[in-house]
Amino acid sequence: MPTIRKHKSDLVIVFATLGLMALGLIVIYAIGPMRANVLNNTYGTDYDPNFFFIGQLRSVGLSLLAFFAAFKWIPYKYVKKFAKPLMIISLILSGLLWILAMMHSSLVKCELGECRWFNFGGLSFQPAELLKLAMVIYLADFLSRKREEGVIGKWREFWLPLLIVCGLSLFLVVIAQGDLGTGVALIAIIFGTLLISGVPARQYLIMLAVVLAVAVGSVITSSHRMQRVDAWLTTLTGGESTDSTYHVENAMLAIGTGGMFGVGVGNSVQATGYLPESINDSVFAIMGETFGFIGLFIIIAIFGVILLRMLKVAEGTADFDNRLLVIGVFSWTLAQVVVNIMAMTSLVPVTGITLPLLSYGGTSMIFIAFAIGEVCQLSCYTSREVTRNEDISSRRGVRGAHHSSGRRSS
């Protein structure tokens, strides 16, 4: 019969996560000096050759701390108590960022015309990444409570508060910050958890259609996003190269140059200034050039293993709140992996979204590492099928201990 008791955690997720962090660190070590050189020559900055490696090393260290804090030190029952406050804080920070950006405050860091980071003396913080984590925890708590109350699908008790929180989150990210990539991740989290929440199928499909229509509208009404769509269509149809197609063409060139086994660590040509965002959104293409098709296959396989193990954890979790959290983290990770890889292979338009655990950057890695750590913690409390032989062996062990004790006392 199925039993719930603490057992060993899913070490496959643990080691796969640590392995991806280590691999990302190696790649940033190799291409970081090239990135520093490009920025110094282009913008007249004075980055040290090891600047990006040291930054990534610091990010990995903080991410490991966040991962093990969630995995070993902070019980999830305490984390979910802060579901509402965490959501409120993340929304306030996102709104404050928007206001300060309009005021051209020095506390806001902007790149390529988009203001998405707080800037504190050289250290940056992206509230949208906190918002992803807050959304996962909040929805797990909210949906499980509404399920217990029996109001799933009711307008006033369920949809109204949900639409306010989710609508405000998407507005502050997609409209205010112009961050469609984070918007995609949030939508994946929302509809991934709603899918298993018990929402009536008709309501679910209506809401999905509405969100997709709004998403299309946000693309059509943005010249920058339409430019990316045009570049994608031009690439697909083999049209003439333009400035708009430069990014995806060089990403595909990097992957193609890598061939089967890659050019080797430190030998990337695209990282010397040809491929934009080589250490961030385009790191998958750089890895294709470095490690080749075999290397990319292994990387995708590792992500696939993590995602499949997450589904196994969700399936074996008896607590509905825990299951929602795992599915939220699964949806978040899946969305970022799939969208990033598809963008770098010209299957979808280029979207500013990082590759989890591999791209350069602190905030994104820290919060997703914390989320995966929570999944690893919950993997210790999945149901396990106790077989008849196991049960007999256990009872024999008890009887054996009893008789042995009796013989020693006689």
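The values are calculated or read from the model by the stated rules, or taken from the named source; none is laboratory data. Not measured: the values here are computed from a predicted model. Note that we place each Cβ from the backbone using ideal geometry, even for glycine, and neighbour counts take in every protein chain shown.
Whenever a residue of the stretch 219-237 is touching a residue at least 40 places away in the same chain (Cβ under 8 Å) and more than 13 Å from E249 (Cα to Cα), its partners that are assigned to a helix (DSSP H, G or I) and hydrophobic (A, V, I, L, M, F, W, C), lying with C-beta atoms within less than 8 angstrom and at least six residues away or across chains, give the pairs R225/L180; R225/V219; V229/V219.
If you go through the stretch 251-281 and pick out every residue that is of a type in the set (S, T, N, Q), surrounded by fewer than 21 Cβ atoms within 10 Å (Cβ to Cβ) and under 22 Å from G361 (Cα atoms), you end up with 2. For the stretch 148-207, taking the residues that are charged (D, E, K, R) and in a loop (DSSP other than H, G, I, E, B), the one that is surrounded by the most Cβ atoms within 10 Å (Cβ to Cβ) is identified as D179. When D141 is tested against (1) touching a residue at least 24 places away in the same chain (Cβ under 8 Å); (2) in contact with a Lys or Arg (Cβ under 8 Å, 6 or more places away or on another chain); (3) not in a helix (DSSP H, G or I), exactly one condition is not met: (3). The number of residues in the stretch 321-380 that are without any contact (Cβ under 8 Å) to a residue 40 or more places away in the chain and crowded, with 22+ Cβ neighbours inside 10 Å comes to 2. Checked against the criteria, I99 counts as under 27 Å from Q177 (Cβ atoms) and in contact with a Ser or Thr (Cβ under 9 Å, 6 or more places away or on another chain). Of all the listed residues (R147, R156), the sole one being farther than 19 Å from W332 by Cα and either free of Cβ contacts under 8 Å to residues at least 12 places away in the same chain or within 21 Å of the chain's Cα centre (by Cα) (or both) is R156. Sort through A209, A215 and tell me the only one that's closer than 25 Å to I137 by Cα and at pLDDT below 90. Just a single option satisfies the conditions, and that option is A215. Listed conditions (1) in contact (Cβ under 8 Å) with a residue 40 or more places away in the chain; (2) assigned to a helix (DSSP H, G or I); (3) within 16 Å of A30 (Cβ to Cβ); (4) of a type outside the set (F, W, Y) are all met by N280, apart from (2).
Looking at the stretch 296-317, is at least one residue assigned to a loop (DSSP other than H, G, I, E, B), of a type in the set (A, V, I, L, M) and either on the phi < 0 side of the Ramachandran plot or surrounded by 21 or more Cβ atoms within 10 Å (Cβ to Cβ) (or both)? No.
So for the stretch 335-354 (the condition being of a type in the set (G, A, S), part of a helix (DSSP H, G or I), modelled with pLDDT of 95 or more and within 20 Å of A83 (Cβ to Cβ)), does at least one residue qualify? The answer is no, given that none of the residues of the stretch 335-354 is of a type in the set (G, A, S), part of a helix (DSSP H, G or I), modelled with pLDDT of 95 or more and within 20 Å of A83 (Cβ to Cβ).
Given the structure, is G316 over 21 Å from the mean Cα position of the chain (by Cα) and either of a type outside the set (S, T, N, Q) or at pLDDT 90 or above (or both)? Spelling it out, G316 is indeed over 21 Å from the mean Cα position of the chain (by Cα) and either of a type outside the set (S, T, N, Q) or at pLDDT 90 or above (or both). If you check Y29 against the conditions, is it within 20 Å of V283 (Cβ to Cβ) and among the aromatic types (F, W, Y)? In short, yes. Restricting S268, S244 to those that are among the hydroxyl-bearing types (S, T, Y), over 30 Å from I26 (Cα atoms), part of a loop (DSSP other than H, G, I, E, B) and in contact with a helix residue (DSSP H, G or I) (Cβ under 7 Å, 6 or more places away or on another chain) reduces the list to S244.
Of the helices (runs of 4 or more DSSP H) lying entirely inside the stretch 1-106, those containing at least 2 residues that are of a type outside the set (K, R) and surrounded by fewer than 17 Cβ atoms within 10 Å (Cβ to Cβ) are 11-43, 51-68, 83-102. Looking only at residues in the stretch 218-250 that are of a type in the set (D, E) and at pLDDT 85 or above, the one that is surrounded by the fewest Cβ atoms within 10 Å (Cβ to Cβ) is D230.
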